[in-house]
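To keep things clear, I will list the structure first and then write my remarks on it.
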């Protein structure tokens, strides 16, 4: 059944039931998306129409609908192809129709994909289908007697007839969805996934990365997602053999109870053998593939979501506004590249120094730094955390102390800097500079405004995931695209300083319109009002509707252009200000805040809904509020920590750099980040580290253990209790 825009009503009803939303809300959301509206525009400016749901629910509705449409189409295709083979029985068609997942459809289709004639197909072609039905009816005619009637040129003897009809019955049994579900449920409750080391495991895994999995066994429901991904990788590298272990005797007994109608039947011995063949040759291999696929998909989904979560927090780190920053890209032989950027990220000067081996021109390096400081008065130095970062940090700390300068420094992750430096975006920005010089600029800018700089880099290169190379790259790219999209639109964009790389993620924009905005800005100067966007080439009314509320104009002609209020609501906003006895000059002031508290404004007076009124009043109270305000600013320092400075129980401040399923990597100023296991994050149970820490958080940590030979440190967020 189809509804508006050809939408399938039965799928909408299912989504409505699962998400506990009215059918008309689901239909409206899908209709609005199909009409060219973006997720962010709907979530912010069409709340009344969509029942006030957020971006996550909108995407769930759309993703679920698209998946179910694909599932329906796949069922139709598979049934058609099996029917072309002359093997689509009513039972098989029913089983395919009852599938809730594409993977289940594929498992049922698997035996029919091969170009080779299957044993069951050979039996059908040999005229044994009626015999199979007769046997499964469990009549009283002796088996050999009814089999004799089916002897022919293809199967001339009774044993051949029984052998081949057994293959056909096994195929039919394996396609029974109720039986498959029963066996699958048994596996999910009781089966184990085990791994054993192969003979060459020690040769292939010299660093014993997979040592925990050389002899490993765990119940399926208790497998952690990161264990599944690690086991898959170890199997792929031919280090271990994986096997799903289940009680086959119990499963065989269950199978017999479902098919053999009563004990001591004349066909019982024959059917027990047939069912054993069906179980071992068809059902278990198929179910084990399905389980491995589901385990992997669940683990990948979790890892991709965590990757997106980490990237979002990295992008949303609080910017260091109104700072002049020196970017410091460390190196030994080729020298440390320096780049000074001003408070809006414009390059002021570049240089190079050689304070380390083999040149060791420390005095000249200090003089160059001092001259740069006297010229530009930078207040912060951003040091890349790559090669020579420890030595560079020591050099900078000593230089600051020696000259008694009011400068702080911090280490900045270089992840992705080399990717950006060699990219077309970087070449277009700085065509005359070298890759290393561009890298220094990127290091400085990602401290000044992480979001504006990091959107230029493929999120997969940002170094905040786990097992990312084992994940579906299509799904990973999709999720990270959504993550960047969320970050940009939740933060808002200053249209007069944003790059094309940033603008393309704004609601309603794309690469083409983003470039056109930059071209218009280059030709006409800064935008003074939002409505000037309509003069940009290719920027129609629809793009303006979708994008305007997410683009800010600071110090423009209209104060409302620097708020999240959509232009379509300016008339209402102006009317509300008048009703409050105020005007735009009071926006963001305590005076207006107090007036809003004192007076009850009805949305009906201004022909708007309650959600729009709430958004307008929020913008009046705090027009410059950004979601980035709730995240930590970078940790700045003037001294340095070495491994020799550390001892057990030492208290330090560290910055969360990466979050995984099993713990958190925290930068405490060493070459390698320290690691805090999930069990060391809280005195109470923590289901996942991401529930209590965020990328960029500054945390008080304590040294739990030191592995000096490996340069690794174990951390804890729990202070040891001293008993008196």
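Computed from the coordinates by the stated procedures, all read-outs in this text should not be read as laboratory data. Here the structure is a predicted model, which is why all the values come from computation and not from measurement. Heads up, the Cβs are rebuilt from the backbone with ideal geometry, glycines too, and the neighbour counts pull from every protein chain shown.
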Q) What are the principal axis extents of the Cα atoms in region 643-716, in Å, biggest first? A) 33, 22, 20
Q | Distance (nanometres) between label positions extended 7 Å along Cα→Cβ at residue 473 and residue 276 | A | 4.7
**Q.** region 580-630 - Rg and Dmax from Cα coordinates, angstrom
**A.** 11.6, 34
Q: With r as the distance between the Cβ atoms of residue 394 and residue 72 and R0 = 60 Å, compute the FRET efficiency 1/(1 + (r/R0)^6) and round to 0.05.
A: 0.40
Q. In Å, what Rg and Dmax follow from the Cα atoms of region 1-149?
A. 22.9, 76
Q: Calculate I(q)/I(0) for the chain by the Debye formula, one identical point scatterer on each C-alpha and no solvent, and give its log10 at q = 0.05, 0.10 Å⁻¹ to two decimals.
A: -0.38, -1.14
Q: For region 424-485, go through all pairs of different Cα atoms, get the mean of 1/r, take its inverse, and jot down that Kirkwood value in Å.
A: 13.2
Q: With a/c under 1.5 counting as rounded, go ahead and sort region 77-206 into rounded, prolate or oblate using the C-alpha gyration tensor (a ≥ b ≥ c being the square roots of the eigenvalues; past the cut-off, prolate if a/b is larger than b/c, else oblate).
A: prolate
Q: Report the label-to-label distance for residue 110 and residue 321 in nanometres (one decimal), using points 7 Å from each Cα along the Cα→Cβ vector.
A: 5.8
Q. Along the Cα-to-C-beta direction of residue 200, a point sits 7 Å from the Cα; which residues of region 241-256 have their amide N less than 15 Å from that point?
A. 241
Q. For labels at residue 254 and residue 63 in the simple 7 Å Cα→Cβ model, what's the distance in nm?
A. 3.0
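For a Förster distance of 25 Å, can you work out the FRET efficiency between the beta-carbons of residue 653 and residue 377, rounded to the nearest 0.05?
After rounding to 0.05, the efficiency reads 0.40.
Full-extension gain between residue 519 and residue 427, please, as 0.36 nm times their residue separation minus the C-alpha to C-alpha distance.
On the way: separation 92, 0.36 × 92 = 33.12 nm, distance 1.74 nm.
Gain on stretching residue 519 to residue 427: 31.4 nm.
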Q) When the gyration tensor of region 246-368 is built from Cα positions, what are the square roots of 5 times its three eigenvalues, in whole Å, from largest to smallest? A) 73, 19, 9
Q.
I'd like the projected area of region 247-317, averaged over all directions, using the convex hull of its alpha carbons. Report it in nm² with one decimal.
A. 6.3
Q: Enter the Cα centre distance for the pair region 251-328 and region 15-43, rounded to the nearest angstrom.
A: 30
Q) How do 60, 537 rank when sorted from fewest to most other Cβ atoms within 10 Å of their own Cβ? A) 537, 60
Q.
For the chain, take the longest principal axis of its alpha carbons; what is the angle in degrees between that and the long axis of helix 248-259, to the nearest 10 within 0 to 90?
A. 60
Q) Any idea what the alpha-carbon Rg over 2.2 N^0.38 Å comes to for region 349-478? A) 1.19
Q. What angle, in degrees between 0 and 90 and rounded to the nearest 10, separates the Cα long axis of helix 284-315 from the longest principal axis of the Cα atoms of the chain?
A. 10
Q. Sorting 336, 99, 151 on the 10 Å Cβ count, fewest up front, what's the list?
A. 151, 99, 336
Q) Share of antiparallel DSSP beta bridges in the chain, in percent to the nearest 5? A) 80
Q | Cα-only Debye scattering, region 487-555: base-10 log of I(q)/I(0) at q = 0.12 Å⁻¹ | A | -0.23
**Q.** Mean separation of Cα contacts under 8 Å (6+ apart) over length of region 4-116, as relative contact order %
**A.** 20
Q) Between residue 686 and residue 151, what is the FRET efficiency for a Förster distance of 45 Å, r being their Cβ-Cβ separation, to the nearest 0.05? A) 0.05
Q | When region 129-309 is reduced to its Cα atoms, the Kirkwood hydrodynamic radius in Å | A | 19.0
Q. Working from the pairwise distances between different alpha carbons, so that the mean of 1/r is found and then inverted, what is region 147-248's Kirkwood radius in Å?
A. 17.0
Q) Given the convex hull of the Cα atoms of region 537-671, what is a quarter of its surface area in nm²? A) 15.4
